[in-house]
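Note sheet for the following structure.
The values are calculated or read from the model by the stated rules, or taken from the named source; none is laboratory data. No experiment lies behind these values; they were computed from the predicted model shown. Positions of Cβ are backbone-derived with ideal geometry, glycine not excepted, and every protein chain shown enters the neighbour counts.
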Amino acid sequence: MLTFVARRLLHAIPILLGVSMLVFGLVQMIPGNPIDLLLPPEAPPELIAQMTAAYGFDKPLHIQYFSWLGRTLQGDLGYSIFTGAPVARELMSALGNTFVLAVPAALLGFALGVGLGALAAFHQGTWIDKAASAFAITGVSLPHYWFAIVLVVIFSVTLNWLPAQGMGFEGLPGSFAEARSLVLPVVTLSLIPMGVVARVVRATVLEVLNQEFVATLRAKGLIDREVLLHVLKNAAPAALAVMGLQFGYLLGGSILVETVFNWPGSGNLLNLAIFRRDVPVMQATIVVLAFFFVLVNLLVDIAQAAIDPRIRR
Amino acid sequence: MKHEAIIDEPMVEVRDLHVSFGKGAGAVRAVNGVSFALRKGEVLGVLGESGSGKSVMLRTLLGLLPAHARTEGTVTVAGQPVLSLPPDALRRLRGSTVAMIFQEPMTAFDPVFTIGRQIAETIMRHDRVGRDAAMKRAQELLELVAIPSAKGRLANYPHEMSGGMRQRAMIALALACRPSVLLADEPTTALDVTVQIQILLLLRRLQAELDMAVVFVTHDIGVAVEISDRIGVMYAGRFVEEAPIEALVDAHAHPYTRGLLASTVHGQRKGERLETIPGAPPNLAALPPGCAFAPRCRHADDRCRAEAPEPRVVGPSHVARCHHLSAGR
């Protein structure tokens with residue numbers, strides 16, 4: 001198991017390097033030049049040249065890449081071209097705000113998804129199955145910015161129970177009252193993971209239930225709860241794979257949901273950086289998000305191997 | 001908690017059992033009137049081709065059929081009416097008084113739990129002991145089925161064992177709560193021939209030591225002869241012949257039994273061409289009105305095709321269903 005973990009960690013290095021190259025290359029391909037946006041059109045050519053040199057945009061691409069990579073590896077993400085603030089600070093704050101939504105949304109979505117999926121599979125073909133599956137499909141198909149607005153209309157405007165938008169706190173919520181602003185965005189964001197996980201869990205549990213060993217479990221005289229434990233553990237690796245991906249998407253933030261709830265998360269930050277051609281912010285955001293994506297999938301790989309010994313090789 | 005049977009009361013008694021799947025004309029009739037009784041310490045071999053209903057019959061004995069199966073008749077196992085037992089009582093019967101061994105030990109074990117854990121959880125469920133005591137008992141069971149270095153094997157996952165070893169572990173699992181009835185569903189079919197013999201000898205020894213009643217389902221007549229006291233030959237969901245082992249080999253009465261015996265390989269007929277039974281087993285969704293074997297039987301006449309034969313006594317404890325009993329000899 002330990003060698004498996006070590007090998008997966010080593011595998012992550014070339015993946016991250018590849019990601020960094022891809023990110024750097026793609027950002028370079030974006031049309032438009034940050035210096036043009038920063039300086040007025042009538043700026044003298046000397047000033048443009050001076051600014052270009054200051055940001056290192058005059059050097060050959062591979063030199064730019066390696067110096068950027070070197071600085072990034074040392075934790076120096078540079079300064080925003082637009083605001084002049086350190087990228088690291090903006091990014092930490094935005095990612096933190098997204099985390100505060102993503103973690104509870106993932107927990108809620110995964111718990112509901114596993115519950116609905118298992119329920120549907122164990123009652124295959126009955127109205128319970130149909131109701132649970134319909135609920136899951138609805139969750140994936142609803143445009144969630146629309147659902148967010150409906151939630152706001154019901155719970156904020158009509159009932160006045162929950163805040164319509166804004167975080168109302170910094171970092172982590174300090175009290176129950178502050179946490180109320182989390183409810184609507186978290187519920188909205190949990191819909192897609194819930195639906196996707198429910199579909200996969202239902203299919204996987206059905207597959208497991210058709211395996212011969214389930215007959216053995218019943219022939220052993222185990223009670224339903226014990227049989228369920230066996231089935232879920234067998235279904236877990238497939239479900240975890242999907243959960244890892246879904247959590248990765250949540251970390252990227254949802255620009256639509258963040259806009260509806262005026263939430264300063266990573267989706268917001270990235271969107272803003274793209275419109276401003278703020279190259280350092282874009283590159284840093286994408287690379288850090290990609291890093292988390294790789295990290296989450298690494299953890300999923302390890303968890304799968306811990307659950308299913310046949311994966312450890 | 002064991003239901004000790006009085007000397008002559010059968011451990012397993014099946015009366016006119018019918019099992020079908022689906023309704024109306026398209027229903028698949030897997031078992032069509034099986035009756036037999038099995039005493040303590042007795043081994044009944046159930047011999048039949050694939051699709052003869054033998055596995056369905058065996059699973060019925062443990063109430064393991066899918067929910068859409070329809071059953072008729074009575075099944076009494078260790079004094080319990082299996083078909084009408086409430087789920088909880090049925091669950092207590094399974095794995096404790098009545099245990100089952102499956103054909104393919106690779107798929108019959110849960111791949112993501114250790115062998116030790118899978119044996120121990122049965123013991124913990126039925127005998128209400130703690131994990132340590134259950135693990136200790138699991139180790140004794142692995143020793144009982146002659147698995148070397150049993151203690152270390154407890155921590156093995158099913159895929160870490162060889163086929164023969166897995167089937168030994170499966171037997172250990174079945175014996176976990178000292179069952180009085182053992183149901184074996186082709187337990188040697190998936191194994192190499194040399195391993196088959198070891199497993200058969202092991203089963204035979206344990207059966208005698210623990211005085212279990214065993215129903216042993218197989219399609220291999222050699223295996224059936226090796227392990228059984230009596231054999232029921234199953235065709236299209238019926239016992240077409242049931243006899244003590246010597247009578248079945250030497251004085252079989254049914255043409256199907258004769259065909260089965262003639263189509264096995266053995267040394268005395270070296271160089272001769274093997275006989276086969278022409279045709280294929282009948283479609284269980286569209287059984288003929290008469291004898292189900294008639295379309296493949298060279299003795300069949302109009303009566304065979306019109307009227308299903310009733311069981312007739314051929315000798316002591318020897319029964320066959322055929323209109324032309326002497327033709328099988």
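Condition check ((1) within 23 Å of the chain's Cα centre (by Cα); (2) farther than 10 Å from A:THR188 by Cα) across all residues:
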| position | (1), (2) |
| --- | --- |
| A:GLN124 | no, yes |
| A:TRP127 | no, yes |
| A:LYS130 | no, yes |
| A:PHE135 | yes, yes |
| A:VAL140 | yes, yes |
| A:HIS144 | yes, no |
| A:PHE147 | yes, no |
| A:PHE155 | no, yes |
| A:ASN160 | no, yes |
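Restricting the search to region A:217-229, which residues are without any contact (Cβ under 8 Å) to a residue 60 or more places away in the chain and more than 8 Å from chain B (Cβ to nearest Cβ)?
A:ASP224, A:ARG225, A:VAL227, A:LEU229
For a quick check of your reading of the model, give me the residue pairs whose first member lies in region B:147-160 and is more than 9 Å from every other protein chain (Cβ to nearest Cβ), whose second is assigned to a loop (DSSP other than H, G, I, E, B) and hydroxyl-bearing (Ser, Thr, Tyr), with beta-carbon atoms closer than 7 Å and at least 6 apart or on different chains.
As it stands, the answer is B:LEU154/B:THR114; B:ALA155/B:THR114; B:ASN156/B:THR114, since those pairs meet every condition given.
Can you give me the number of residues within region B:105-125 that are outside any helix (DSSP H, G or I) and among the hydrophobic types (A, V, I, L, M, F, W, C)?
Residues flagged as outside any helix (DSSP H, G or I) and among the hydrophobic types (A, V, I, L, M, F, W, C) within region B:105-125 amount to 3.
If you go through region B:295-314 one residue at a time, do you hit one that is in contact (Cβ under 8 Å) with a residue 60 or more places away in the chain and small (Gly, Ala, Ser)?
No, region B:295-314 contains no residue that is in contact (Cβ under 8 Å) with a residue 60 or more places away in the chain and small (Gly, Ala, Ser).
Read through the list (1) touching a helix residue (DSSP H, G or I) at 6+ places or on another chain (Cβ under 8 Å); (2) closer than 26 Å to A:LEU289 by Cα, then give the number of the only condition that A:GLY84 fails.
Status for A:GLY84: all satisfied but (1).
When the residues of region B:161-182 are filtered to those that are among the polar types (S, T, N, Q) and surrounded by 15 or more Cβ atoms within 10 Å (Cβ to Cβ), which remaining residue is nearest to the other protein chains (Cβ to nearest Cβ)?
Among those that are among the polar types (S, T, N, Q) and surrounded by 15 or more Cβ atoms within 10 Å (Cβ to Cβ), it is B:GLN167.
Give the residues of region A:142-174 that are free of Cβ contacts under 8 Å to residues at least 24 places away in the same chain and in a helix (DSSP H, G or I), sorted by residue number.
A:TRP146, A:VAL150, A:VAL153, A:ILE154, A:VAL157, A:THR158
Which is crowded, with 16+ Cβ neighbours inside 10 Å, within 14 Å of chain B (Cβ to nearest Cβ) and either of a type outside the set (Gly, Ala, Ser) or out of contact with any Leu (no Cβ under 9 Å at 6 or more places or on another chain) (or both), of A:VAL214, A:VAL197, A:VAL187, A:VAL201? Spell out the reasoning first.
Values: A:VAL197 fails: within 14 Å of chain B (Cβ to nearest Cβ); A:VAL187 fails: within 14 Å of chain B (Cβ to nearest Cβ); A:VAL201 fails: within 14 Å of chain B (Cβ to nearest Cβ).
Just one listed residue meets the conditions, A:VAL214.
Just one of B:ILE171, B:ILE197 is β-branched (Val, Ile, Thr) and closer than 23 Å to B:ARG137 by Cβ; which is it?
Going through B:ILE171, B:ILE197 in turn, the sole match is B:ILE171.
Looking at B:GLU121, is it touching a helix residue (DSSP H, G or I) at 6+ places or on another chain (Cβ under 8 Å), without any contact (Cβ under 8 Å) to a residue 40 or more places away in the chain and at the interface with another protein chain (Cβ under 10 Å from one of its Cβ atoms)? Give the derivation first.
Details: touching a helix residue (DSSP H, G or I) at 6+ places or on another chain (Cβ under 8 Å): yes; without any contact (Cβ under 8 Å) to a residue 40 or more places away in the chain: yes; at the interface with another protein chain (Cβ under 10 Å from one of its Cβ atoms): yes.
Spelling it out, B:GLU121 is indeed touching a helix residue (DSSP H, G or I) at 6+ places or on another chain (Cβ under 8 Å), without any contact (Cβ under 8 Å) to a residue 40 or more places away in the chain and at the interface with another protein chain (Cβ under 10 Å from one of its Cβ atoms).
Is it true that some residue in region B:27-49 is more than 10 Å from chain A (Cβ to nearest Cβ), over 13 Å from the mean Cα position of the chain (by Cα), surrounded by fewer than 15 Cβ atoms within 10 Å (Cβ to Cβ) and modelled with pLDDT under 90?
yes
Tell me, please, whether a residue that is part of a helix (DSSP H, G or I) and at the interface with chain A (Cβ under 9 Å from one of its Cβ atoms) can be found in region B:126-140.
Yes, because at least one residue in region B:126-140 is part of a helix (DSSP H, G or I) and at the interface with chain A (Cβ under 9 Å from one of its Cβ atoms).
Are there helices (runs of 4 or more DSSP H) fully within region B:173-267 with at least 2 residues that are under 28 Å from B:VAL28 (Cα atoms)? List them.
B:221-227, B:255-262
Sort out which residues of region B:281-301 are outside any loop (DSSP other than H, G, I, E, B) and surrounded by 19 or more Cβ atoms within 10 Å (Cβ to Cβ), and write them in order of number.
B:ALA294
In the set A:LEU232, A:LEU182, A:LEU206, which member is surrounded by fewer than 20 Cβ atoms within 10 Å (Cβ to Cβ), away from chain B (no Cβ under 13 Å), touching a residue at least 24 places away in the same chain (Cβ under 8 Å) and aliphatic (A, V, I, L, M)?
Step by step, each of A:LEU232, A:LEU182, A:LEU206 is checked, and only A:LEU206 is surrounded by fewer than 20 Cβ atoms within 10 Å (Cβ to Cβ), away from chain B (no Cβ under 13 Å), touching a residue at least 24 places away in the same chain (Cβ under 8 Å) and aliphatic (A, V, I, L, M).
Can you say whether A:ALA121 is surrounded by 18 or more Cβ atoms within 10 Å (Cβ to Cβ) and touching a Lys or Arg at 6+ places or on another chain (Cβ under 6 Å), as far as the supplied structure shows? Can you show your working first?
On the way: surrounded by 18 or more Cβ atoms within 10 Å (Cβ to Cβ): yes; touching a Lys or Arg at 6+ places or on another chain (Cβ under 6 Å): yes.
In short, yes.
Of all residues in region B:104-118, which are within 20 Å of A:ASP224 (Cβ to Cβ) and either of a type in the set (Val, Ile, Thr) or without any contact (Cβ under 8 Å) to a residue 40 or more places away in the chain (or both)?
Once the filter is applied, which keeps residues that are within 20 Å of A:ASP224 (Cβ to Cβ) and either of a type in the set (Val, Ile, Thr) or without any contact (Cβ under 8 Å) to a residue 40 or more places away in the chain (or both), region B:104-118 yields B:VAL112, B:ARG117.
With (1) modelled with pLDDT of 90 or more; (2) touching a Ser or Thr at 6+ places or on another chain (Cβ under 9 Å) as the list, and B:GLU4 as the residue in question, which single condition is left unmet?
It fails just one condition, (1).
Of all residues in region B:54-84, count the ones that are assigned to a strand (DSSP E or B) and within 15 Å of the chain's Cα centre (by Cα). Full working, then the answer.
So in region B:54-84, the residues assigned to a strand (DSSP E or B) come out as B:69-77, B:80-81.
This time we only want the ones that are within 15 Å of the chain's Cα centre (by Cα), so: B:75, B:77.
Within region B:54-84, residues that are assigned to a strand (DSSP E or B) and within 15 Å of the chain's Cα centre (by Cα) number 2.
Step by step: first the residues of region B:50-61, then only those that are buried (at least 24 other Cβ atoms within 10 Å of the Cβ) and either within 17 Å of A:LEU217 (Cα to Cα) or polar (S, T, N, Q) (or both), then the one that is modelled with the highest pLDDT. Which residue is that?
Among residues in region B:50-61 that are buried (at least 24 other Cβ atoms within 10 Å of the Cβ) and either within 17 Å of A:LEU217 (Cα to Cα) or polar (S, T, N, Q) (or both), the one modelled with the highest pLDDT is B:THR60.
In region B:85-104, what count of residues is obtained for those that are within 8 Å of chain A (Cβ to nearest Cβ) and in a helix (DSSP H, G or I)?
3
Filter region B:50-67 down to the residues that are on the phi < 0 side of the Ramachandran plot and within 11 Å of another protein chain (Cβ to nearest Cβ) and list them by number.
Taking region B:50-67 as the starting set, the residues that turn out to be on the phi < 0 side of the Ramachandran plot are B:50, B:52, B:54-62, B:64-67.
Listed by number, the residues that qualify are B:SER55, B:LEU58, B:ARG59, B:LEU61, B:LEU62, B:LEU64, B:LEU65, B:PRO66, B:ALA67.
Among the residues of region B:68-83, is there at least one that is charged (D, E, K, R), surrounded by fewer than 22 Cβ atoms within 10 Å (Cβ to Cβ), more than 13 Å from chain A (Cβ to nearest Cβ) and touching an Asp or Glu at 6+ places or on another chain (Cβ under 9 Å)?
Checked region B:68-83: at least one residue is charged (D, E, K, R), surrounded by fewer than 22 Cβ atoms within 10 Å (Cβ to Cβ), more than 13 Å from chain A (Cβ to nearest Cβ) and touching an Asp or Glu at 6+ places or on another chain (Cβ under 9 Å).
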